Amino acid sequence: MRSRDEKGRYISARAAEMREESIELKKRSEELAAKADELVKAETEPPEWLKSLVVAIADHFGISAEEFAERVRVYHPTPADPVLTVDGKAVVSWVR
């Protein structure tokens, strides 16, 4: 049985199969992008206690607002073990 494309033209069975695979991959890609957006949103909206901790540590080290982005990082080597670093050195690690 021959299939038709979105313009109504006849296409081979293999082409129709590849088209269906492409549609499925696009759906999966969109789902993964949505999940990634959720993760990014969670990281850009940290809990208040974490904001306070980061600010307190930055203040302790005398880090200005201008140099904050280049000196302070929160890494997530594993989801349960984030690490706060200052100048590339681990300062605080905690388990959520």
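The values are calculated or read from the model by the stated rules, or taken from the named source; none is laboratory data. Quick caveat, the model's predicted, so the values are computed rather than measured. Glycine also receives a Cβ, built like all others from the backbone with ideal geometry; neighbour counts cover every protein chain displayed.
Taking residues in the range 18-38 that are closer than 27 Å to ASP5 by Cα, and partners anywhere that are surrounded by 10 or more Cβ atoms within 10 Å (Cβ to Cβ) and modelled with pLDDT under 85, the pairs with Cβ atoms closer than 9 Å and at least 6 places apart or on different chains are ARG19/SER3; ARG19/ASP5; ARG19/ILE11.
This table checks each residue for (1) modelled with pLDDT under 80; (2) closer than 22 Å to SER93 by Cβ; (3) in a helix (DSSP H, G or I).
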position	(1), (2), (3)
ALA36	yes, no, yes
LYS41	yes, no, yes
PRO46	yes, yes, no
TRP49	yes, yes, yes
ILE57	no, yes, yes
ALA80	yes, yes, no
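Of all residues in the range 3-22, one or more are surrounded by 10 or more Cβ atoms within 10 Å (Cβ to Cβ), touching a helix residue (DSSP H, G or I) at 6+ places or on another chain (Cβ under 6 Å) and modelled with pLDDT of 75 or more.
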